[in-house]
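Student: Supplied in C-alpha cells, the structure appears directly below.
The values are calculated or read from the model by the stated rules, or taken from the named source; none is laboratory data. A quick note: this is a predicted structure, and the numbers were derived from the prediction, not measured. Quick reminder, even Gly has a Cβ in these numbers, built from the backbone with ideal geometry, and neighbours come from all protein chains shown. For accessibility, only protein heavy atoms count, side chains too; no ligands or nucleic acids. Shrake-Rupley method; radii C 1.70, N 1.55, O 1.52, S 1.80 Å.
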Amino acid sequence: MSTLLEVSGVSVSFDGFRAINNLSFQIGQAEMRAVIGPNGAGKTTFMDIITGKTKPDAGRVLWGDKSQSLLAMSESQIAQAGVGRKFQRPTVFEDQSVADNLMLALRKNRSPLSVLRFRASAQDHGKVAEIAQEIGLEAALHRKAGELSHGQKQWLEIGMLLAQDPQLLLVDEPAAGMTPAEREHTTALLVEAAKTRAVVVVEHDMEFVRRLDCKVTVLHEGSVLAEGTLDRVTSDEKVIEVYLGR
Amino acid sequence: MTDTAPSSLSKYSGGAGAEPPRLATPSGGAKPLVQRHPSVLIFIGCLALFTLGITILAEGFGIGVISTSFVKTLGKTLCLCLVALAMDLVWGYTGILSLGHMAFFGIGGYAIGMWLMYARTELIVVESLAQAPLPPTPQEISDGIAAQIFGVVGASEFPPIWAVAHSLPLQLAAVVLVPGLIALVFGWLAFRSRVTGVYLSILTQAMTLALALYLFQNDSGLRGNNGLSGLQNLPGLGDVPQSTVSMWFLWASAAALGLGYLFCAWIVSGKFGSVLRAIRDDEARVRFLGYSVEAYKLFIFTVTAVIAGIAGALYYPQAGIINPAEIAPIASIYLAVWVAIGGRGRLYGAVIGAAFVSLLSTWFTGGQAPDINLGPYTIQWVDWWTILLGLSFVAVTLFAPKGIGGLIVIIERRTTPNRHGADLGPDPGALREKEAET
Ligand SMILES: Nc1ncnc2c1ncn2[C@@H]1O[C@H](COP(=O)(O)OP(=O)(O)OP(=O)(O)O)[C@@H](O)[C@H]1O
Ligand SMILES: [Mg+2]
C-alpha cells in the first residue's frame, strides 16, 4: 500500500508553547486511522497543519504519489488537491438549505468564472439527493441547515465531506452530541468511506474507536506516544499512565 | 427572497431504501431567473410603472405636474439605488463592509464629467474663434479650451489625465475601467493579505480619503475644489430644454437600475450567490471546501466598483456639478447606512433603503420640512436631520437588523425558528449548545 500522506518531524509553537512537537505520521491510500489523546494533545492542531490553517515551524508534509509539499499551498489549494475536513464543532452554512450546503461541497470546478456559469444538472441534483439519503437528511433537503439538530448538523458536515469526494478525510470528533443509534450510523458511514480512501478520525469515545476497528495513533503533548491496534495501545504502560489511567 | 433554493426536489421524499431520484422534473437551474425569483419581476414591473408615471406627469413629454428639478431628484435617486445594489452585493451578500464605494461612484462622475466639460467648452471656443480673421489652428483651439477650463485654478494647459477627454467612447470606457482597475489593485492587495472586518473598512475609508484629498489639490488636474460644473448641458444639444434632457436621464437611470437589478439577481441566485453568502457567514470553512475566497472577494469587489462607477456617470450629469466633497469618506458611510436601513442581504431592501432615506434626506435638508418650535428652542431639520438619521441607524441595527426589507420577510413568515438554548440532539437531554461550543 503506497503512502498518501506523510508528515515528518513537524513542530508548532504558540507563543512559546509547543503544541506539536516533532510529530511524524503516515497514512496509506485506503486506510482508516483513529487518533486519540487527552484534551490539548494537539489533535486538532495536527489537522490544522495538514489542511494549511496553521503553518508549522519545522518539518515536512508530503502528499500523494508525487510527494507534493502541502506547506506551500493555501487552504483552498489543499482542499482541491483532495483533503477534506470535518470540524470539531459542526460548521455548516446555517443560513442556507441542506441542498445548498451539499451543492456547495459537490466536487466541481471551484473557480469563480465557472461557478458563475454553473447550473446544476439533473445528475447533480440526483447526487445531492443520494448523499442526503445516506446521511438521513433526505426529508430535510429544503430546510435551512440552521434548523437542524446538533447530530443532524454533524451528519450534514459528513455529507458535505462525501460530496467533496476527497482522497483523505480528516474527521474531528464526529460522534460528539450523538445518540448511540446515530453513532452507529456514523461508524458505518466512515467505514464505508474508508474502503475507497484514507480516513483519519479523532475521537475521545473508546467504544466508538473500537467499532471502527482500525489502527490507532495516540497523541500526547504534541507527539506520537504509541501506535498499533487498539488492544495493543490500551495495554501500553505509557498510554495508561497519561490517558486511560486518569 | 433570493435565498430560496430551487424547489424541484421538494417532491422527493424517498424513504429508506428508495432509489435516489433520477429527476424527471426540470432542474432548478434550467428555469428562467424570473421564475426562480418572482421578486425580480415585481421589481422590474414597479420600476417600469414608476418611470411611465413620471413620464406622464413631468414637463418634458407629459402634462407638467412634476417640475424638472424634481424629475432630476428622482433620476438621481435611481442612480443612488443602483449604487446601493452594488453595496448590498459586496456587504449584504459577501460580508465585506466596504466604506469606499462612493469613491468609485465619484470617479464614474468625474470620468463622464471630463468629456461633458471638454466637449461643451470646445463648442464655445470654436464659436468665439470663428469671428477671428484667420481660421484658428487646432493648437489655438486646444489652448482656448484649456484656458477656459483651468483658468479657475490658474493653469492653462491640459494635464495628462485629460488626454482622451475629447473622446466620448474613451471617457465612457474610463467610467468602467478606472473604478474597476482601482478596485482590482486595492482589492488584490487587501484580500491577499487577508485583511477583513473592521480593518478592511478602515482601509477603504483611507482610500476614499486619500482620493478626496488628492482631488482637492489644484494641481490634481481636475480643478481642485471647484470640481467639474455645467454637466447638465449636453454638448451640441444646447437647444434641447432641460425638461427633455431630464427625462432622458431618468429613463437611462431607470434602465440602468433595472439591468443592474437583473444582473445582481443573476449573480446571487445561483451557486455563486451561495458561495458569497457562505463567505459572509464563515469564510474559513469555505476555504476548506476548496474555494479561493480571495478570488471571489476580488471579483465581487471589482464588479461592484464598476456598477458604482456607472451609477455615478448617470448621477452627476443630473446633478450638474461634481467636486471632491462628493467623494468624502462620509458619503460611503451614508451608503452603508441606507443599505442597513433598507435591509442588507436583500436586493430590494437596498433599493428601498436608498430611495427612502435619500428622498427623505432631500426633503429634510432642502428646508421643506417644517421646523418644530419647542418654545425656547426650535428644531431646524437642516441641522437635526443628520442626528435623526444617526439615531435611526442605531435603532435599526439594534432592534431590526434586517431593516425595512425584513418586514416583508416577516409578512411572508419565512423566519428561522430560534433554537438557541434548546437541546441539540434529537433526544431530550442531548448535548446543549453551550456544551457543544468546545
Ligand atoms: N491558535 C492557538 N493559539 C494558541 N494556542 C493554541 C492554538 N491552537 C491550539 N492551541 C493550544 O495547543 C494545544 C493543543 O490544542 P488542540 O486543539 O490541538 O488539542 P486537541 O487535542 O484537539 O484537544 P481536544 O481534545 O480538547 O479537542 C492546546 O493546549 C491549545 O490550547
Ligand atoms: Mg480538538
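Student: Counting Lys and Arg as +1 and Asp and Glu as -1, what is the net charge of the other residues whose Cβ lies under 15 Å from the Cβ of B:Leu168?
Tutor: Values: positive: B:Arg120; negative: B:Glu122.
It works out to a net charge of 0.
Student: I would also like to ask the following. With chain B treated as a Gaussian network of Cα nodes joined by springs under 10 Å, which of B:Val293, B:Val185, B:Val339 yields the largest mean-square fluctuation?
Tutor: Comparing B:Val293, B:Val185, B:Val339 in a Gaussian network model of chain B, the most mobile one is B:Val185.
Student: Follow-up. If amide hydrogens are placed 1.01 Å from N in the peptide plane, which non-local residues have theirs closer than 5 Å to the one on A:Ile20?
Tutor: Amide H neighbours of A:Ile20, under 5 Å, 5+ apart: A:Val12.
Student: Just tell me how shielded A:151-160 is by partners: mean number of partner chain Cβ atoms within 10 Å of each residue's Cβ, no decimals.
Tutor: Numbers: counts 6, 3, 2, 3, 0, 0, 1, 0, 0, 3.
Average neighbour count from other chains, rounded to a whole number: 2.
Student: For A:Lys55, give me every one of the lysines with a C-alpha distance below 16 angstrom, ignoring sequence neighbours fewer than eight places off in its own chain.
Tutor: In chain and number order, the partners are A:Lys43.
Student: Here's a follow-up. Comparing A:Leu219, A:Leu141, A:Leu102, which has the greatest mean-square fluctuation in the GNM of chain A with Cα pairs linked when under 10 Å apart?
Tutor: Largest GNM mean-square fluctuation: A:Leu141.
Student: Take every Cα pair under 8 Å in region A:105-175 that's 6+ residues apart, average their separations, divide by the length, and report that relative contact order as a whole percent. Don't skip to the answer; put the middle values down first.
Tutor: Working: 35 pairs, mean separation 31.3, N = 71.
Here the relative contact order equals 44 percent.
Student: Taking the Cβ of B:Thr196 as the centre, find all other residues whose Cβ is under 10 Å away and add up their charges (Lys, Arg: +1; Asp, Glu: -1). Don't skip to the answer; put the middle values down first.
Tutor: Details: positive: B:Arg194, B:Lys297; negative: B:Glu283.
Combined, the nearby Lys, Arg, Asp and Glu give +1.
Student: Assigning unit charges at the beta carbon (Lys, Arg +1; Asp, Glu -1) and nothing else, what dipole magnitude in debye, to the nearest 20, does region A:102-188 show about its Cα centre? Walk me through the numbers on the way to the answer.
Tutor: Details: 10 positive and 11 negative charges, 113 e Å.
With Lys and Arg at +1 and Asp and Glu at -1, about 540 debye.
Student: Per residue of region B:237-254, what does 6.51 cos²θ - 1.76 cosθ + 1.60 with θ = phi - 60° give for ³J(HN,Hα)? Whole Hz please, x for Gly and Pro, Karplus curve as stated.
Tutor: Residue by residue, region B:237-254 yields 10, x, 7, 6, x, 4, 4, 7, 4, 4, 5, 4, 5, 4, 5, 4, 5, 5 Hz.
Student: Let me ask something else about it. For region A:99-246, give the magnitude of the charge dipole about the Cα centre (Cβ charges: +1 Lys/Arg, -1 Asp/Glu; no others), in debye to the nearest 20. Show your work: numbers first, answer last.
Tutor: Working: 18 positive and 23 negative charges, 160 e Å.
With only Lys, Arg, Asp and Glu charged at Cβ, the dipole is about 760 debye.
Student: Hey, what angle do you get for helix B:138-150 against the long axis of chain B, alpha-carbon based, 0 to 90 degrees rounded to 10?
Tutor: With rounding to tens, the tilt is 60 degrees.
Student: Would you tally the net charge around B:Gly342, using a Cβ to Cβ cut-off of less than 12 Å, leaving B:Gly342 out, and scoring K and R as +1, D and E as -1?
Tutor: Values: positive: B:Arg344, B:Arg346, B:Lys402; negative: B:Asp88.
Combined, the nearby Lys, Arg, Asp and Glu give +2.
Student: With a 1.4 Å probe and all protein chains left in place, how much accessible area per residue does the protein assembly as shown have, in Å²?
Tutor: Values: 29800 Å² over 684 residues.
Accessible area per residue, the protein assembly as shown: 44 Å².
Student: List the aspartates and glutamates whose Cα lies under 15 Å from the Cα of B:Lys402, skipping any in the same chain that are fewer than 8 positions away.
Tutor: Output for B:Lys402: A:Asp95, B:Asp3, B:Asp88, B:Glu412.
Student: What average count of beta carbons from other chains do you get within 10 Å of the Cβ of residues in A:69-75?
Tutor: 2
Student: OK, next. Within chain B, what whole-number % of the accessible surface is contributed by carbon and sulfur, with the 1.4 Å probe and all protein chains included in the calculation?
Tutor: Here it works out to 67 percent.
Student: Relative to the longest principal Cα axis of chain B, at what angle does helix B:197-216 sit, 0 to 90 degrees, rounded to 10?
Tutor: The angle comes out at about 0 degrees.
Student: Something else about it: Using the Cα centre as the reference, give the magnitude of the dipole from point charges on the C-beta atoms of the protein assembly as shown (Lys, Arg: +1; Asp, Glu: -1; all else neutral), rounded to the nearest 20 debye. Walk me through the numbers before you get to the answer.
Tutor: Working: 52 positive and 56 negative charges, 173 e Å.
The dipole magnitude comes to about 820 debye.
Student: Nearest 100 Å² is fine: what is the total accessible surface buried where chains A and B meet, probe 1.4 Å?
Tutor: Working: alone 12160 and 22400 Å², together 29800 Å².
Chains A and B together bury roughly 4800 Å² of accessible area.
Student: What is chain B's relative contact order, in percent, from Cα pairs under 8 angstrom and six or more apart in sequence? Please report the intermediate quantities before stating the final value.
Tutor: Numbers: 603 pairs, mean separation 113.0, N = 438.
Computed value for chain B: 26 percent relative contact order.
Student: How far apart, in nm, are two points set 7 Å out from the Cα along the Cα-to-Cβ line at B:Phe263 and at B:Phe399?
Tutor: Placing both labels 7 Å beyond Cα along the Cβ direction yields 3.8 nm.
Student: Normalised by the number of residues in chain A, what is the relative contact order in percent for Cα pairs under 8 Å and 6+ residues apart?
Tutor: On the way: 443 pairs, mean separation 67.3, N = 246.
The normalised contact order for chain A reaches 27 percent.
Student: Please sort A:235-243, A:179-187 by packing, taking for each peptide the average over its residues of neighbouring beta carbons within 10 angstrom, highest first.
Tutor: Working: A:235-243: 15.0, A:179-187: 17.2.
With the highest mean Cβ count within 10 Å placed first, the list reads A:179-187, A:235-243.
Student: Counting DSSP beta bridges with both partners in chain A, what percentage is antiparallel, nearest 5?
Tutor: Roughly 55 percent of the beta bridges in chain A run antiparallel, per DSSP.
Student: Could I ask something else about it? How crowded by other chains is A:172-183, given as the mean number of beta carbons from other chains within 10 Å of each beta carbon? Walk me through the numbers before you get to the answer.
Tutor: Working: counts 0, 1, 0, 0, 5, 9, 6, 4, 1, 2, 4, 0.
Rounded to a whole number, the mean comes out at 3.
Student: Which lysines, if any, have their Cα less than 20 Å from the Cα of A:Lys153, not counting same-chain residues under 8 positions apart?
Tutor: Output for A:Lys153: A:Lys86, A:Lys127, A:Lys144, B:Lys434.
Student: Measure nothing fancy, just the Cα-based angle from helix B:347-365's long axis to the longest principal axis of chain B, in degrees from 0 to 90, nearest 10.
Tutor: Rounded to the nearest ten degrees, it is 50.
Student: While we're looking at this one, here's another question. For chain B, modelled as a Gaussian network with Cα springs under 10 Å, which listed residue fluctuates most, B:Trp91, B:Trp266, B:Trp381?
Tutor: So, out of B:Trp91, B:Trp266, B:Trp381, the one fluctuating most is B:Trp381.
Student: Just going by the charge dipole of chain B, with Lys and Arg at +1 and Asp and Glu at -1 on Cβ, which of B:Leu257, B:Ile96, B:Ala165 is farthest out on the positive end?
Tutor: Of B:Leu257, B:Ile96, B:Ala165, it is B:Ile96.
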